[in-house]
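To start, the structure itself, in structure tokens.
We did not get these values from a lab; they are worked out from the coordinates using the rules stated. These numbers come from a predicted model, not from an experiment. Positions of Cβ are generated from backbone atoms using ideal geometry, with glycine treated the same way; all protein chains shown enter the neighbour counts.
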Amino acid sequence: MFKNRQEALNALLDILDRDLIKDNIVLSISKRGIFYAREIGLRCGFLEGDFLFIEKVKSPINKQTSIAAISETKDYIIIDELVNSFEINDDYLFSEIERVYEEKILKDLYQLRAGEGIISIKDKNVLLVDEGANTGLRVMCAIKSCISQKAATINVAMPIIAKETAEMVQKLADNTFFVKEIEDFVSIDFYFKENE
């Protein structure tokens, strides 16, 4: 458990291989990740950074459960097991993915970037940063987006991650930097004392 975000950041900075990530573009993949991405960028001397917009798609049966995620590059990840168990048909699923893209991502793109897409990451090394991951929907969607945008290498850094999700990410990313891989992950807030 971390006392606060600053302690989590310091622990993450301690394990980052600065030589390996020195020429990376740092991308935050959530609002919680902005603090870490900004601080890593400042302390490691990165010249470029951005925010990769990703939104989760909720189940119509249980609004607390995410069944998919879509990014601003229109790449998406679906949790087939949940879609099947909730018996969600494809028409609903893909119309909901499109609705989330249009209502949430496009709105953010116009408000925060005047409608412009993410900076070019083609043939560049990317460091994806977030505060933590449980199911891995957001980070897997971010990796898929980086692959579709033809990033040269994809690196991932975060203070906490569910062990099972870490194993998935390690298979897809070139390098990973996780301070704590947690066996029975509860929630991101649970691992920060200041959030109790």
Quiz prompt | Zone residues, the stretch 47-86, relative to Ile147, backbone N less than 14 Å from point 7 Å out along Cα-to-Cβ | solution = 75-78
Exercise. Can you check what the net charge comes to around Glu181, using other residues whose Cβ is under 11 Å from the Cβ of Glu181 (Lys, Arg +1; Asp, Glu -1)?
Key: -1
Practice problem: State the Cα centre-to-centre distance between the stretch 8-26 and the stretch 42-106 in whole Å. | Solution: 27 Å
Quiz item: Under a 5 Å amide H to amide H cut-off, with H placed in plane at 1.01 Å, what residues pair with Phe192 once short-range neighbours are removed?
Solution: Phe2
Quiz prompt | Hull shadow area, averaged, the stretch 54-113 [alpha-carbon convex hull, nm²] | solution = 3.9 nm²
Quiz item: Residues with beta-carbon under 10 Å from that of Glu131, excluding Glu131: net charge, scoring Lys, Arg +1 and Asp, Glu -1?
Solution: +1
Quiz item: Along the positive direction of the dipole of the stretch 1-104 (beta-carbon charges: Lys, Arg +1; Asp, Glu -1; about the Cα centre), which of Leu13, Tyr76, Gln64 reaches farthest?
Solution: Leu13
Quiz prompt | GNM flexibility winner over the chain from Asn89, Asn175, Asn134 (Cα, springs under 10 Å) | solution = Asn89
Self-check item: Theoretical gain in end-to-end length, Leu106 to Lys122 [0.36 nm per residue, Cα-Cα removed]
Solution: 3.6 nm
Exercise. Order by neighbour count: Glu81, Glu39, Glu98, fewest other Cβ atoms within 10 Å first, most last.
Key: Glu81, Glu98, Glu39
Quiz item: Could you list, bin by bin from short to long, the percent of Cα-Cα pairs of the chain in 5 Å steps?
Solution: 1, 8, 16, 20, 20, 16, 12, 5, 2, 0
Practice problem: Let me have the 222 nm mean residue ellipticity of the chain computed from DSSP H runs of 4+ only, each contributing -39500 (n - 2.57), with the sum over all residues rounded to the nearest 500. | Solution: -11000 deg cm²/dmol
Exercise. May I ask what percent, to the nearest 5, of DSSP beta bridges between residues of the chain are antiparallel?
Key: 25 percent
Practice problem: Could you please rank Arg138, Arg32, placing first whichever residue has the fewest other Cβ atoms within 10 Å of its Cβ? | Solution: Arg32, Arg138
Quiz item: Placing +1 at every Lys and Arg Cβ and -1 at every Asp and Glu Cβ, with all other atoms neutral, what dipole size does the stretch 52-196 have around its Cα centre, in debye to the nearest 20?
Solution: 480 debye
Quiz item: Fewest first, what order do Val179, Val139 take by the number of other Cβ atoms within 10 Å?
Solution: Val179, Val139
Self-check item: Calculated P(r) of the stretch 86-160 - Cα pairs past 17 Å, %
Solution: 61 percent
